Structures are given as structure tokens and as C-alpha cells.
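See below for the structure under consideration.
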Amino acid sequence: MTIHTIKPSSRRNPVPKPLVSRDCGPSGCEIDWLTSKRVETEDSIEAFTQASLELGWGDGLPLIPPTDARVRAFLSENDRYPDELIAHMPDQSECTVEKIVINAVMAGAAPESLELIIAAIQSITEPDFELYGVNATTASVYPAFVVNGPIRDALNIPYSYGCTGGVATQAVAIGRAIRLIMRNVAGQVAGVTTQTTFGSPGRLAGLLIGEWEEKSPWAPLAERRAGIAGNAITSFGTMGTMNILDTTSQGAMAFLEMIGKSVAYPGANCFSPSMEYSEMMIGLNPICAEIIAAELPRIEDVQEAVWKFSSVPADWLEKHHLGQLEAQGRVRSDGRIYCTPEPKDMILFVCGGLGGLHALGLHSFGSALSQTKPVAAAI
């Protein structure tokens with residue numbers, strides 16, 4: 001038995017303009033809004049997964065065939081037209097709702113996740129995120145996402161134990177859907193359109209976590225950054241996760257000193273002369289956050305404190321690297337090189353389980369600036 005499977009890529013198949021009125025709405029018209037090319041494959045996950053690898057659609061894990069029926073069912077639970085243009089990818093390929101849904105179906109993401117996926121795509125296609133560099137670089141960078149608002153619980157986005165990996169939640173499928181879009185629509189293929197030297201596990205399922213707002217002594221991340229209360233997503237081009245363990249410190253400044261010194265090390269992109277800018281994202285364990293806030297209730301004071309500790313002596317670097325950083329004004333009058341240009345570039349949020357005093361370090365790619373976007377309400 002064969003089925004008609006919808007091609008997930010739009011790079012060679014731009015979506016034509018609709019030829020009829022939309023007055024009856026996306027689910028009430030007797031018309032085929034789906035414009036992607038159909039391909040016949042056997043009606044099984046095993047066969048389709050093998051075909052996807054041969055056709056260049058797959059990521060190596062099993063995929064659900066995006067049949068007409070599955071794509072239509074996904075769309076019917078949302079209030080979006082399939083030909084709606086969400087963003088242009090770095091190669092100017094069109095990322096439409098239809099293309100997003102096809103990849104979300106393949107990843108196993110729930111229809112309720114569409115608006116979150118759309119907001120994620122919108123955030124990383126902002127010019128300042130510099131998705132072309134993130135996609136094509138030799139580095140191991142990939143987009144990470146922090147979610148705020150009630151949508152965290154509605155979609156089971158983890159923000160407690162195991163939030164960056166290992167806990168079984170719908171976030172894995174949502175993150176994978178975004179990664180499939182990067183592969184199939186944005187065209188990120190290792191050794192072809194990206195020269196990533198090592199790659200990263202994050203290029204498979206991404207990193208999609210929530211902020212534990214209820215345990216945070218400060219306002220939610222999206223509200224602090226962009227004045228967005230409620231459902232929002234913040235994207236950040238990261239080089240991977242770093243665990244920081246401190247079972248010795250007792251007070252706020254001691255914790256922040258260990259965190260700052262841990263994230264600051266030569267060889268990180270934050271200290272690379274080739275990067276014009278850098279940010280640092282740090283997730284604070286709720287227990288640690290409570291201890292810190294007792295002494296430093298203002299988040300700006302916490303950012304300044306950890307920033308002061310996140311530096312290295314300029315004489316640690318060899319002459320060639322030091323000369324480049326001096327030319328960029330990165331060496332301060334105190335003879336030190338700081339992880340980020342200013343304290344505000346230390347992006348702090350609260351997440352993680354309650355089992356120990358840990359912090360999470362997400363190092364910057366360098367030129368990709370984090371973006372925060374609201375998530376539209378689903379129907």
C-alpha cells in the first residue's frame with residue numbers, strides 16, 4: 001500500500017497566491033489549500049523513515065508520515081491558513097504555516113503547539129538573531145528557547161527536574177519540529193550548507209525549556225526583557241549546556257562568584273576575537289535563586305555581580321589573540337576581558353529541580369542576539 005506524503009521543503013516549491021476568497025475560513029471551504037508536492041511512500045513509519053533519509057528529509061530518528069489527512073487534521077485544530085507566510089529563511093525560502101505543520105507532524109508535535117513553533121521561528125528569523133551564521137558556521141551552535149507564561153503547563157514544557165534533557169515531555173517533539181524546519185526549509189545540512197566541525201546533540205531535538213516563574217524571586221524573563229506578560233518565547237544561539245555545581249558557598253556573592261568564574265574561560269565564543277558581540281544565558285536553580293535574592297533583590301544587581309566575576313586576565317591570552325581583542329576595545333582598564341560587553345547582557349532566569357545547588361550555563365554563539373516574542377493565543 002502506498003500513501004501520498006507531503007514534501008516538507010519549500011526551497012524549490014514557492015507557495016502560490018490563493019485564487020479564491022477566504023471568507024469561509026480555513027476549515028469551512030471545499031478547496032485544497034495544500035500546495036506542497038506529494039510523494040508516494042509505503043504506509044508505515046519504518047518505510048517512510050527510510051525514504052526520508054534517502055530523500056534528505058530525515059534526522060535519523062523515526063518520522064511520522066505527513067499524509068494529507070494528518071496535515072489537514074493538524075490544521076483543523078488551529079486558526080491559520082496553510083499558505084500564510086511566517087518568515088523568510090536565510091536563503092529567502094518561504095516558511096509558511098503549511099511547511100511548519102508538515103514538519104511538526106513528522107516530529108510528532110501536538111496541534112496545540114503550532115503557535116509556539118510559529119513564535120520560535122519568528123524569533124530566530126529576526127535580523128539580529130543572524131540565523132544565516134547560526135546555520136552555516138563551523139561552530140556547534142543551535143537555537144535554544146526559554147518559554148514563559150501558562151503555555152508552559154498547557155504544552156508540558158519542562159522547567160523543573162531534567163528540564164534541559166532526559167525528562168519525557170512534549171517539548172522534545174516541539175524542539176525536534178523546529179530542528180526539522182531548520183533542515184528541510186532553512187536547508188541546514190552538515191557538510192553541505194553548514195560547516196559545523198563537531199555539531200551538537202542540540203541540532204537533533206533542540207533545547208526548549210520553561211522558566212519556573214512560580215519559584216522565581218524576580219519578574220519572568222520575557223516581562224523583564226520585552227515587557228511581555230504571559231505567553232512568550234526567548235531564543236538564544238547557544239553552544240551547548242554547562243552544569244555549574246557549588247555545594248560549598250553559603251551566600252549570594254559566593255554563589256555568583258563561582259557561577260561567573262565558571263562561565264568565563266578562554267576558548268569560549270564569548271572571548272573569541274571573531275565575535276563582535278556576546279551574551280551569556282544563565283539558569284539559576286530555584287534554591288540558589290532564593291538565596292541570592294535574599295541579599296540582592298534587584299535582578300540588575302545580580303546581573304552586575306555575576307558580570308564582574310565573569311572575566312579573565314588579559315595576560316592569560318597569547319599575544320595574537322590579545323591584540324585582536326585590544327583592537328576591539330574588549331580589554332578594560334582593569335586589565336581584564338569580560339564575558340559580555342555589559343552586565344545587562346547576562347541573561348538570567350530560574351529553572352531546574354530542587355535536588356542541589358546548581359546553575360546552568362548557556363554560552364553565546366557571539367553574533368546572534370537573543371530575541372523575545374509573544375506567543376499568539378490558540379483557538
Could you tell me which residue of the range 238-264 is farthest from residue 286 (Cα to Cα), considering only residues that are in contact with a Phe, Trp or Tyr (Cβ under 8 Å, 6 or more places away or on another chain) and part of a loop (DSSP other than H, G, I, E, B)?
-> 264
Say we look at the range 65-85 and pick out the residues that are surrounded by fewer than 19 Cβ atoms within 10 Å (Cβ to Cβ) and of a type in the set (A, V, I, L, M, F, W, C); which of these is nearest to residue 121 (Cα to Cα)?
-> 85
Provide a single number: the residues in the range 37-59 that are touching a residue at least 24 places away in the same chain (Cβ under 8 Å), in a loop (DSSP other than H, G, I, E, B) and closer than 17 Å to residue 185 by Cα.
-> 4
Which condition number does residue 128 fail, the rest of (1) within 15 Å of the chain's Cα centre (by Cα); (2) at pLDDT 95 or above; (3) surrounded by fewer than 17 Cβ atoms within 10 Å (Cβ to Cβ) being met?
-> (2)
What are the residues in the range 152-191 that are outside any loop (DSSP other than H, G, I, E, B) and in contact with a Cys (Cβ under 8 Å, 6 or more places away or on another chain), if any?
-> 181
Considering residues that are of a type in the set (S, T, N, Q) and surrounded by 14 or more Cβ atoms within 10 Å (Cβ to Cβ), the number found within the range 329-355 is 1
Matching residues, the range 347-372, being modelled with pLDDT under 90 and of a type in the set (Phe, Trp, Tyr) | 365
Out of 219, 229, report the one residue that is in the same structural domain as residue 286 (by TED's automatic domain parsing), in a loop (DSSP other than H, G, I, E, B), surrounded by fewer than 17 Cβ atoms within 10 Å (Cβ to Cβ) and touching a Pro at 6+ places or on another chain (Cβ under 8 Å).
-> 229
In the range 22-50, which residues are surrounded by 15 or more Cβ atoms within 10 Å (Cβ to Cβ), touching a Leu at 6+ places or on another chain (Cβ under 9 Å) and at pLDDT 90 or above?
-> 48, 49
Assess whether residue 166 counts as being out of contact with any Asp or Glu (no Cβ under 8 Å at 6 or more places or on another chain), closer than 24 Å to residue 106 by Cβ, in the same structural domain as residue 270 (by TED's automatic domain parsing) and without any contact (Cβ under 8 Å) to a residue 12 or more places away in the chain.
-> yes
Take the residues in the range 193-215 that are surrounded by 21 or more Cβ atoms within 10 Å (Cβ to Cβ) and in a loop (DSSP other than H, G, I, E, B), then tell me which one is modelled with the lowest pLDDT.
-> 206
Does residue 107 meet the test of being modelled with pLDDT of 85 or more, aliphatic (A, V, I, L, M) and more than 30 Å from residue 231 (Cα to Cα)?
-> no
Test result for residue 282, under 25 Å from the mean Cα position of the chain (by Cα) and either under 17 Å from residue 358 (Cβ atoms) or in a helix (DSSP H, G or I) (or both) = yes
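Considering only strands (runs of 3 or more DSSP E) fully contained in the range 335-374, which possess at least 1 residues that are within 17 Å of the chain's Cα centre (by Cα) and not basic (Lys, Arg)?
Of the strands (runs of 3 or more DSSP E) lying wholly inside the range 335-374, those with at least 1 residues that are within 17 Å of the chain's Cα centre (by Cα) and not basic (Lys, Arg) span 346-350, 358-364, 371-374.
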Every listed condition ((1) more than 16 Å from the chain's Cα centre (by Cα); (2) crowded, with 21+ Cβ neighbours inside 10 Å) holds for residue 145 save (1)
Which one is farthest from residue 43 (Cα to Cα) among residues in the range 93-139 that are in a loop (DSSP other than H, G, I, E, B) and touching a Lys or Arg at 6+ places or on another chain (Cβ under 9 Å)?
-> 126
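The values are calculated or read from the model by the stated rules, or taken from the named source; none is laboratory data. Model, not experiment: these values are computed from the prediction. Because the Cβ atoms are built from the backbone with ideal geometry, glycine has one as well, and the counts that use them run over all protein chains shown.
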